[in-house]
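What follows is one structure encoded as structure tokens, with my remarks underneath.
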Number of protein chains: 2
Amino acid sequence: MEFSLIDRIRQRTAQSRDDVRLGIGDDAALLAMPSGQELAMAIDTMVEGIHFPRDTVAADIGWKALAVNLSDLAAMGATPAWALLALTLPNANEAFIDGFADGFAQLAQMYRLALVGGDTTRGALTVSVAVHGFVPPGKALKRAGAQVGDAVLVTGTLGDAAGGLRMLQQDGRADAQSGYLIDRLNRPTPRVAAGLALRERANACIDVSDGLLADLGHICTASSVGAEIDTALLPRSSALLSLFDDASSLHFALSGGDDYELCFTVPAQRVASVQTDLAKLGCGATRIGRIVEGEGVKVRDANGQWLEPVQRGWDHFSA
Amino acid sequence: MEFSLIDRIRQRTAQSRDDVRLGIGDDAALLAMPSGQELAMAIDTMVEGIHFPRDTVAADIGWKALAVNLSDLAAMGATPAWALLALTLPNANEAFIDGFADGFAQLAQMYRLALVGGDTTRGALTVSVAVHGFVPPGKALKRAGAQVGDAVLVTGTLGDAAGGLRMLQQDGRADAQSGYLIDRLNRPTPRVAAGLALRERANACIDVSDGLLADLGHICTASSVGAEIDTALLPRSSALLSLFDDASSLHFALSGGDDYELCFTVPAQRVASVQTDLAKLGCGATRIGRIVEGEGVKVRDANGQWLEPVQRGWDHFSA
């Protein structure tokens, strides 16, 4: 059973990576590490009904399960290489497997990522992916390292995924705007190229999975600094702004999870060159605030008033 | 949330491994690979009610989740190094977390294995562990490689875990014999040292997770050979033999899963020296049959009659 399911994905993700000495089909995979690199690894789980809505199509689940993990590598400035997949399913539904494999493989191929091992079991729909990548020693982007005076930037736009979830919950119109937001929810783009471009330039970096306030808060904690951000500067897509009022879209941008943009800090004099380079990569980067002494994230509205955030992000166990 | 749960395990598995350049707490861990080694990696999932009974204590679940993965490394002849943990729980039960962490850490410390990353989510109790280890290039034990004429051996005894599960299901007496079998089910011993000792000596190797017939069948398929085994030679513990009749204990030894012993093949002239060395490691090894031309696993009873097995192992989706 195990191999037949995993094989469907493997067939779609056949990669001619020389470093895969032994792939799927034995008790473990065997990989050759490039010399002079550190190995970056992360694992993330998605559970139906918590990390994706119950009626999400299989291909989107496959894509997103890998995307959220590639986003972790992106946030470290690592180059993706290999993945392991643990897939728990209520039953051996072939159509689901094929769809899942299609979505997973579509994203894997973009990064020449090889699926080298997996396990399939029966149970509530749960997907764990472990990803592995390379980074030159000492060059990884970390959460710690933000310096007082740094500018705080984010790639892309914020709040789209939360807006997309709201549209799904409201059985929203299937127009182009809501379709865009739902696609941002179901098919997030891991900012791998941006992460690589930020190596040796960003002082601290994280991906926005739990919401800007929560994730920038992680940078502040790890770096023993505070941050101030201005709501007027938060990048919001035209789709989000057209479908939601200002208060809602702002709430989504501050506290919505699942955007998988990068939030990072750079010395102020480096902002322009970083923005130029990230614009070339197609995601852009917007300056949203600054690192200050102290602790925690403070938010200033368009009138210069400090806000009291009510929801700082997602905590799956407090929901 | 994530870090608080994973931290409880990390605190119990604090390892001073020089190769962990960045452990739990960032978007990914950073590891330094030893030069001249290949990286072996595997992932396995355990689901409550399928891979362990619903009333299994947390410490046993933590132990077993790691043990089944270390067993995969053992079957490759790899030295364990690092693990990632994806833990899905119905609720944030502190007692469960502490118990799980105790069991996981107890086994991890035996192998100086470092937990370097993790993710906790809410959902049906599901545990995925990804393990990573080292093996010299070209020296890994594989399923392919069994040669006609090889002897087939297994470490330890077979059928104990299935016997233990039966005792639990029958609400068996809590005597020493049934306790031994239940312990074999809940706290399997990964045969890591045996796997290392078999490098450059065994032609093929697998761990017995799905049952002897199924797993030896995997060796046969991968090696394009057949195997003949004799029931009279199957190593069965005195506990198993004292609690079950011959037919039941034989069935468990042939088809019961979850023993996590190693099944391997060696040239006939090498059997004695391998047995001597594995005996020194405390697990012993018993010759149970031979590799022959053809395909599949054939079983001969004590009277020399060929048996027709009714159950070849576990398939979680056909159960």
Q | Every residue from segment A:225-238 that is in a helix (DSSP H, G or I) and open to solvent by 20 Å² or more (accessible area, probe 1.4 Å) | A | A:Ala232, A:Leu233, A:Ser238
(Q) Condition first: more than 29 Å from A:Leu278 (Cα to Cα), in the same structural domain as A:His218 (by TED's automatic domain parsing) and of a type outside the set (Asp, Glu). Now tell me which residues in segment A:118-172 satisfy that. (A) A:Arg166, A:Met167, A:Leu168, A:Gln169, A:Gln170, A:Gly172
Q: Residues that are under 23 Å from B:Val127 (Cα atoms) and modelled with pLDDT of 95 or more: find the strands (runs of 3 or more DSSP E) completely inside segment A:4-68 holding 3 or more of those.
A: A:38-47
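Of the residues B:Ala239, B:Ala222, only one is outside the structural domain of B:Val57 (by TED's automatic domain parsing) and closer than 23 Å to B:Ala67 by Cβ; which? Break it down stepwise before answering.
Values: B:Ala222 fails: closer than 23 Å to B:Ala67 by Cβ.
Every option except B:Ala239 fails the conditions.
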Q: Go through (1) in contact (Cβ under 8 Å) with a residue 60 or more places away in the chain; (2) facing chain B (nearest Cβ under 10 Å); (3) closer than 21 Å to B:Gln37 by Cβ and name the single condition A:Ala32 misses.
A: (1)
Q) B:Thr56: farther than 22 Å from B:Arg143 by Cα and either within 11 Å of chain A (Cβ to nearest Cβ) or not charged (D, E, K, R) (or both), yes or no? A) yes
Q. Going by the structure shown, is A:Ala222 of a type outside the set (Ser, Thr, Tyr), modelled with pLDDT of 95 or more and open to solvent by 10 Å² or more (accessible area, probe 1.4 Å)?
A. yes
**Q.** Residue count, segment B:5-55 (criterion: closer than 30 Å to B:Asp171 by Cα, open to solvent by 20 Å² or more (accessible area, probe 1.4 Å) and not charged (D, E, K, R))
**A.** 4
Q) Applying the selection to segment B:130-143, what residues are crowded, with 21+ Cβ neighbours inside 10 Å and in contact with a Lys or Arg (Cβ under 9 Å, 6 or more places away or on another chain)? A) B:Val135, B:Ala140, B:Leu141
**Q.** Residue under evaluation B:Gly77, criteria (1) more than 26 Å from B:Gln37 (Cα to Cα); (2) within 11 Å of another protein chain (Cβ to nearest Cβ); (3) open to solvent by less than 10 Å² (accessible area, probe 1.4 Å), criterion not met
**A.** (1)
Q) Of the conditions (1) buried (at least 24 other Cβ atoms within 10 Å of the Cβ); (2) among the small types (Gly, Ala, Ser); (3) at the interface with chain B (Cβ under 8 Å from one of its Cβ atoms), A:Ala83 fails just one. Which one is it? A) (3)
Q | Those residues of segment A:182-219 which are open to solvent by 20 Å² or more (accessible area, probe 1.4 Å), in contact with a strand residue (DSSP E or B) (Cβ under 7 Å, 6 or more places away or on another chain) and either of a type in the set (Asp, Glu) or farther than 26 Å from A:Leu107 by Cα (or both), in sequence order | A | A:Arg201, A:Asn203, A:His218
Q: Test A:Val127 against the criterion of being buried (at least 24 other Cβ atoms within 10 Å of the Cβ), of a type outside the set (D, E, K, R), in contact with a His (Cβ under 9 Å, 6 or more places away or on another chain) and under 30 Å from B:Asp19 (Cβ atoms), and give yes or no.
A: yes
Q. Exactly one of (1) part of a helix (DSSP H, G or I); (2) surrounded by fewer than 23 Cβ atoms within 10 Å (Cβ to Cβ); (3) modelled with pLDDT of 95 or more is unmet by B:Gly179. Its number?
A. (3)
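The values are calculated or read from the model by the stated rules, or taken from the named source; none is laboratory data. The shown structure was predicted, so the numbers you read here are calculated from the model rather than taken from an experiment. Please note: Cβ atoms are built from the backbone with ideal geometry, for glycine as well, and neighbour counts cover all protein chains shown. Just so you know, the surface numbers come from the protein's heavy atoms only, side chains and all, with ligands and any DNA or RNA stripped out. Shrake-Rupley method; radii C 1.70, N 1.55, O 1.52, S 1.80 Å.
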